[in-house]
Structure formats: structure tokens, C-alpha cells
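The structure appears below as C-alpha cells.
The values are calculated or read from the model by the stated rules, or taken from the named source; none is laboratory data. Everything numeric in this text was worked out from a predicted model, so none of it was measured. Glycine also receives a Cβ, built like all others from the backbone with ideal geometry; neighbour counts cover every protein chain displayed.
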């Protein structure tokens with residue numbers, strides 16, 4: 001079971017409270033987690049990564065285990081504590097603005 | 001008695017305001033989609049309970065919302081706006097080629113006949129259509145691939161397709177306007193397009209009478225007379241009597257002919273409303289006075305409408321999609337300001353009262369007249 005924490009605006013959009021829990025088959029990578037997230041919550045498609053290029057939107061960041069994973073390869077394995085569900089995968093709206 | 005529903009998009013959410021036909025007491029709901037920019041929301045003429053909203057943010061991109069119960073509940077629809085075929089380039093601010101990039105939906109125009117068909121005008125400029133109630137979107141690429149498109153250049157607000165007019169008399173006819181490319185017309189349901197900018201003069205561009213390159217801010221028509229168009233250009237208020245084939249200036253005695261919105265009285269096709277703004281470098285009202293100007297002669301002769309509007313220390317703007325009229329008699333006129341006020345007139349502009357005063361900056365105002 002993978003735990004994902006969404007930013008407030010995306011929780012509202014997906015109509016969820018608190019963490020999202022997902023089953024991910026095979027390797028637990030950023031891409032696999034986001035694929036599973038979007039499969040369960042189609043309204044999130046296009047809000048975290050581009051529909052076509054699948055690239056992370058500029059003002060969205062990914063964290064886990066106190067590390068910024070935003071610029072890691074989407075196919076890199078996520079830390080073991082994320083894969084086991086001990087730690088959540090955090091989708092964060094970047095602090096941007098004045 | 002009829003009900004009036006005003007749909008207001010702001011920088012931080014949507015608000016719905018309802019009143020009876022007297023238009024004195026209002027119920028306000030919202031913010032809907034709080035914290036998100038709502039560039040536009042509009043109801044279907046074929047089913048007034050069907051509403052569409054464009055919700056966006058710099059963080060999370062574009063979202064389309066749909067309501068089937070007049071705004072009580074909403075469901076998230078498709079947000080995949082992919083240009084059809086080769087994307088191509090337009091000119092960037094520095095004059096270099098720049099690839100088309102989708103940024104947001106500026107305007108949603110539901111079909112006159114089918115609640116499930118809706119058009120979307122987007123930045124970078126293109127026209128999309130959904131025929132399944134907003135689940136999927138398909139570009140009408142004939143506009144973006146017009147021979148002039150590689151020379152289009154964005155205005156200060158981006159290269160947005162902000163105006164879509166549908167013609168009840170000619171179902172195959174669509175008018176659009178793009179900043180800063182100009183106005184275009186299709187007579188074959190969006191398959192092919194031609195610029196309709198003859199008569200426009202823009203001193204700010206290298207060739208003031210060029211076929212394209214004009215910063216058209218808004219176009220309005222009266223549904224009973226769709227060949228007559230009124231335009232608020234960057235500077236100049238214009239009129240066409242031949243569906244845009246030619247234009248003539250009707251700024252007349254306006255204190256300034258810069259502005260954004262323009263609209264036409266519901267029952268008097270020669271009665272037109274604008275809100276003059278001081279200049280393109282200041283973007284606020286002249287003399288600190290909020291004045292709507294009305295022409296009852298189809299332009300040239302304008303009168304200020306001030307009763308109930310602040311006449312000192314007012315420096316707001318009224319954006320291009322932030323004015324609308326209802327269909328009651330006398331005609332109601334509505335507009336919203338960048339200062340968060342939404343004003344209503346129940347007597348065709350003779351007098352005004354605020355519905356609300358302290359919303360986030362208002363981007364768009366639409367009105368529904370419900371039986």
C-alpha cells in the first residue's frame with residue numbers, strides 16, 4: 001500500500017480527505033505511483049504532470065523521506081519506506097509568488 | 001416571475017448570485033473552487049441548468065467543471081487540450097518564432113442548441129470544441145493553421161482567444177477575436193477562417209491597417225441582428241454592419257476610447273455599453289470616476305451613466321468578459337471590477353447598485369434569465 005499526500009487544492013479536486021492509499025503493481029517508481037493515482041482519480045490528470053509529455057508541472061514538487069525527489073527520473077525506484085507504506089509520497093505545490 | 005442568475009468568475013473562485021425579476025435583493029453563493037482562477041463560466045442557452053466553468057492555476061493547470069443543476073453541484077470534466085497536428089510557431093514578444101503552448105481556457109461558449117456542445121477559446125490562441133459535455137476536447141485547427149498565424153503575436157495578457165460569438169441565423173457562422181491577432185470569421189462551422197479586420201487602424205503596429213495584428217479586446221452582437229457587430233479595440237470603439245467585412249469607428253464623444261468590455265442592450269440593438277479606461281499604460285478609470293457609457297444610436301453619441309457608481313477615488317478596471325445583460329424588460333446590465341465589486345442596473349443603466357463589493361478581482365460576468 002502506497003500512501004500519497006496531495007496538496008489541499010488537489011484534495012478538493014479529488015474529493016478526498018487526508019492521505020490517498022494506492023496499490024502499485026511492480027516497481028514502485030514516481031511514474032508508477034502517479035499512474036495509479038490518476039487511474040483512481042482521473043480528475044487529477046493534467047494537474048500534476050502534463051497530459052502528453054508526462055513531465056512534472058513546473059510548480060509541483062515531489063518529496064519523500066525528507067528528500068526532494070522532484071528532479072529524479074520518473075522511473076527511478078522510490079525509497080523503500082515509500083514502497084512499504086512506512087512513509088508517504090508527498091505531492092507539494094511549490095512556494096511561488098511574492 | 002423570472003429569476004436572474006449572475007455567474008461571476010474571479011481570481012480566487014466563482015460566485016453565483018440570484019435574484020427575482022426586481023433585481024434588488026440578491027443571494028450570493030461561493031466561493032466555488034476557492035483559491036483557483038475562474039476565467040469564465042457560462043450557462044447553456046439550450047439548458048440553463050447546464051453550466052461550464054474554466055478553472056485554472058499556475059500550479060495545477062487547467063480544469064473544466066460542469067454543473068447540471070444550475071451550480072448547486074459540479075463535476076470535473078476533461079482538461080486535455082492538445083493542439084491538432086503540427087503545432088507550429090507564432091511570434092514571441094521579441095519577434096522570434098515561438099511554439100504554440102497551451103496555457104488556459106479564457107472563454108467557454110456553449111452551443112445555442114445543444115447543451116453538450118461547447119466551444120473553448122484558449123491561450124495560446126486556438127478554438128476547441130467538445131460535443132460530449134466537456135469530457136473530451138478537439139481543436140478546430142483551421143484557425144491556428146491560418147496562413148497568417150505564424151505572424152500572430154501575444155498581447156500583454158498573452159495570446160488569448162477571448163471572444164466567441166455564435167450566430168442564430170447562420171448556424172455555420174462563428175466569430176472569434178484574439179489578442180493581438182484580431183477578429184476572424186468562419187462560415188463553415190469552424191473548418192476555415194478569414195480575418196475580418198478591414199477598417200481597423202492600430203497606430204502601435206508597423207502597418208496600422210494590416211490584415212492581422214490588431215489588439216481586439218471584445219466583440220458583441222445583438223442576437224436579432226447578427227450582421228451588426230460592435231468592437232472594443234485596444235484603442236477605438238468600432239462597428240461593422242456587414243458581419244465584420246468592414247469596420248468604422250464609432251468612438252464619437254467618449255472621454256477615452258480605450259477599454260475592454262462592450263455589450264448590447266437585450267431589446268434595443270442600437271443601444272451599446274462600454275466602460276472607458278484612461279489608457280493602455282494606466283488601465284484604470286479616467287478622473288477616478290466609474291462611468292459606464294451608453295450609446296442609443298449605435299455609437300458616436302455616448303452618454304455617461306453614473307447614478308449609483310462611485311465618482312471619486314475609483315481606480316479599478318473592468319475586464320473584457322466582465323459585462324453582461326439580462327433579457328428582462330427593462331434590460332438589466334451587469335459588470336464586475338478588478339476591485340471586486342459587481343454592479344447591477346435594473347433599468348438599462350440609468351441607475352446602479354452593487355450586488356457585492358468585496359470579492360476577489362472579477363474576471364468575468366455572465367447573466368442567465370431563467371423562467
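Do we find a residue being surrounded by 15 or more Cβ atoms within 10 Å (Cβ to Cβ) and more than 20 Å from the chain's Cα centre (by Cα) anywhere in segment B:97-105? Within segment B:97-105, one or more residues are surrounded by 15 or more Cβ atoms within 10 Å (Cβ to Cβ) and more than 20 Å from the chain's Cα centre (by Cα). Restricting segment A:1-23 to residues that are surrounded by 18 or more Cβ atoms within 10 Å (Cβ to Cβ) and part of a loop (DSSP other than H, G, I, E, B), the residue that is farthest from the other protein chains (Cβ to nearest Cβ) is A:6.
Is it the case that segment A:67-89 has a residue that's outside any strand (DSSP E or B), within 14 Å of another protein chain (Cβ to nearest Cβ) and surrounded by 19 or more Cβ atoms within 10 Å (Cβ to Cβ)? No, segment A:67-89 has no match at all. Only one of the numbered conditions (1) over 20 Å from residue B:324 (Cα atoms); (2) more than 14 Å from chain A (Cβ to nearest Cβ); (3) in a strand (DSSP E or B) is not met by residue B:28, and that is (1). Residue check: residue A:18 meets all listed conditions (1) in contact with a strand residue (DSSP E or B) (Cβ under 9 Å, 6 or more places away or on another chain); (2) at pLDDT 95 or above but one, namely (2). Against the test of being away from chain A (no Cβ under 14 Å) and in contact (Cβ under 8 Å) with a residue 40 or more places away in the chain, the options B:136, B:117, B:82, B:145 yield a single qualifying residue, B:145. Under the condition of being more than 13 Å from chain B (Cβ to nearest Cβ) and in a helix (DSSP H, G or I), which residue from segment A:24-38 is farthest from residue B:57 (Cα to Cα)? For segment A:24-38, the residue satisfying everything is A:32. With the condition kept exactly as written, say whether any residue in segment A:39-59 is more than 14 Å from every other protein chain (Cβ to nearest Cβ) and outside any helix (DSSP H, G or I). No; the residues of segment A:39-59 include none that is more than 14 Å from every other protein chain (Cβ to nearest Cβ) and outside any helix (DSSP H, G or I). Of the residues examined, residue B:178 is one that is crowded, with 19+ Cβ neighbours inside 10 Å and either closer than 20 Å to residue B:319 by Cβ or without any contact (Cβ under 8 Å) to a residue 24 or more places away in the chain (or both). Reported count of residues in segment B:61-79, each being more than 8 Å from chain A (Cβ to nearest Cβ) and more than 20 Å from residue B:369 (Cα to Cα), is 6. List the number of the failed condition for residue A:93; all other conditions in (1) within 24 Å of residue B:76 (Cα to Cα); (2) away from every other protein chain (no Cβ under 13 Å); (3) under 13 Å from the mean Cα position of the chain (by Cα) hold. Residue A:93 satisfies all of (1) within 24 Å of residue B:76 (Cα to Cα); (2) away from every other protein chain (no Cβ under 13 Å); (3) under 13 Å from the mean Cα position of the chain (by Cα) except (2). Residues in segment A:33-52 that are surrounded by fewer than 20 Cβ atoms within 10 Å (Cβ to Cβ) and under 18 Å from residue A:81 (Cβ atoms): A:36 only.
Looking only at segment B:267-284, residues that are outside any strand (DSSP E or B) and within 20 Å of residue B:318 (Cα to Cα) come to 8 in all.
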